[in-house]
1. Can you tell me the relative contact order of the chain? Whole percent, Cα pairs under 8 Å, sequence separation 6 or more.
2. Can you put Ser389, Ser90 in order, fewest other beta carbons within 10 Å first?
3. Kirkwood Rh, the range 306-484, all Cα pairs: how many Å?
4. Along the charge dipole of the chain, Cβ charges K/R +1 and D/E -1, which of Ser360, Leu414, Ile263 sits furthest on the positive end?
5. If you place +1 on the Cβ of every Lys and Arg and -1 on the Cβ of every Asp and Glu, how big does the dipole about the Cα centre of the chain come out, in debye to the nearest 20?
6. With respect to the cross-link table entries Lys305/Lys429; Lys144/Lys187; Lys373/Lys438; Lys320/Lys354, which display a Cα-Cα separation exceeding 20 Å?
7. Taking 0.36 nm per residue of separation and subtracting the Cα-Cα distance, what length does fully extending Leu80 through Asp43 add?
8. For the pair Gln465 and Tyr265, how long in nm is the line joining their label points, each one 7 Å along Cα→Cβ?
Amino acid sequence: MDKAINYPIFGSTDQYIGSGYPGQAGMYKTGGPFWRTELVFTDSGTGLKNRADYLSNRVTNGSWSNLVVSWAKSANGGTLTYQLKGTNISYSIPWTNAQIQSIFGSTKLFLGFTSATGAASEPHVVGIKSLADFNTVSGTVTLKQGNDPVTIDKPLNIGDKLMYEYALDVNNIDGRPWKATNIVLPKGEYLDYLNSGGAPAKPGDNLAVNVTIGSETKIAHAIVQSDNLSAVITDMPEFPNNTESLVKFSLPVQVQKHNATTIKYVTHAAGNLTGGAPSNSYKLTNTVDNSDSVKYSIAAFDPGKLSLLVVPNFYFQKLKVGEPEPVDPEVADVIAGIPGQGKLNSSSEIAPDKWLINNSQNVSALGKYLEVKDTRPDKPGWRLSMKLSPFTHADDYVLGDNGDKGGGEAEMVLFDVNSQTDFEVTRIKDNNQDSVVKVMQAGTTEPNWSLGDAASSTQALLSVQRTPSVHAGKYSSTATWTLANVPQ
């Protein structure tokens, strides 16, 4: 029993909150009927006083009571104040430096808790079964394209590759490792998660995630959810106790194929993680605007197009000893034949005396090189072919005629001086038969392909078979280019 606390009284319970000094004899008395030790709260006299206040509502197991204890130091000592939230109980205890010395100076101070699982109890001790989670937990997400954060004012295009970058900061002051039991990582519409092979992930797919905790790298797994709008990690490694952990990981995504005719604005939740004991949920923050959502925009679908931007003209002449510039071939040259060479693998293999060369100085600037541009987002590939009509004189005589107008006496070779593997591009006879110049396979990301450019023309050579009769004059051939929108 407690002396001087004659409960119950009107408006009170049989509980109270008190303060006193267990080391003082005046804290206790021995009384009947069973001559037990009794606590005494008198709140009288001077010096170190005992005090107690009734509780109007009982403190019960399974519910929280918020007791705030604060200490304000002063030059002469200090004041200890305690307050029970939700009640009018608040009491301040002033101590001088001498009193502080007498209370704590020669005695160790212990802070302890009763067992959270044991059944033992003591009427004057509050058993704290658990404490609120005092760990500080925060997390951020940044949607990036390359090194730049994605913003809503810069629309994303089909095929753009992005990265959701996550950072968690867990300051775990608990004596136990901290466990994130569930991390929800949303993504928005028009985006696909990518698996380890770079292909779009499907609902149910298990994506391996490299997680950096401090200086260590561990593996977790993100499961793509059935709506394909989020992935969830449930096996995040534990974060160590008594330290602050900086945790980083990321998930790659790609803008899907779509046929939206107008720009689309997308907003989705930044994500959240659940963890700790007791369990708490924490929202992630978008670093772009410090909100709890991620925002971006998707550009309207552009089907793009496949274009043959420019094709070259050719003017073939021969190199002649003693002449600073190429000159036109003579009748005797053609009768004797300009033999050319077999397959060429590099420019060093070219024998100039066996060829007519393309002198680009004699053609217009717009007709000096070959270029194909493909802006189609799905990149299905393409095929470029070329054919030459027979080289024909102004009087309708075909080179090497002899009664045959079909041509085929001349052969042009296109080559790529910048290629290390495919120097010789193709050979085309002047017989109106198509020859494949270039096949671009599906999925190639390069938008343009060219042979030469405005500064360096398309390189070509021409050979001519021995011809018994030749009409003097200029011969011309028409090149027909065919660009097909598939590689086959």
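Laboratory data are not the source of any read-out in this text; all were calculated from the coordinates shown. Computed from a predicted structure; not experimentally measured. So basically every Cβ, Gly included, is an ideal-geometry build from the backbone, and we count neighbours across all protein chains shown.
1. Relative contact order for the chain comes out at 11 percent.
2. So the residues, fewest neighbours to most, are Ser90, Ser389.
3. Averaging 1/r across every pair of different Cα atoms and inverting gives 17.3 Å.
4. Ile263
5. Rounded to the nearest 20 debye, it is 2320 debye.
6. Lys305/Lys429
7. 11.7 nm
8. Using points 7 Å along Cα→Cβ, the separation is 7.0 nm.
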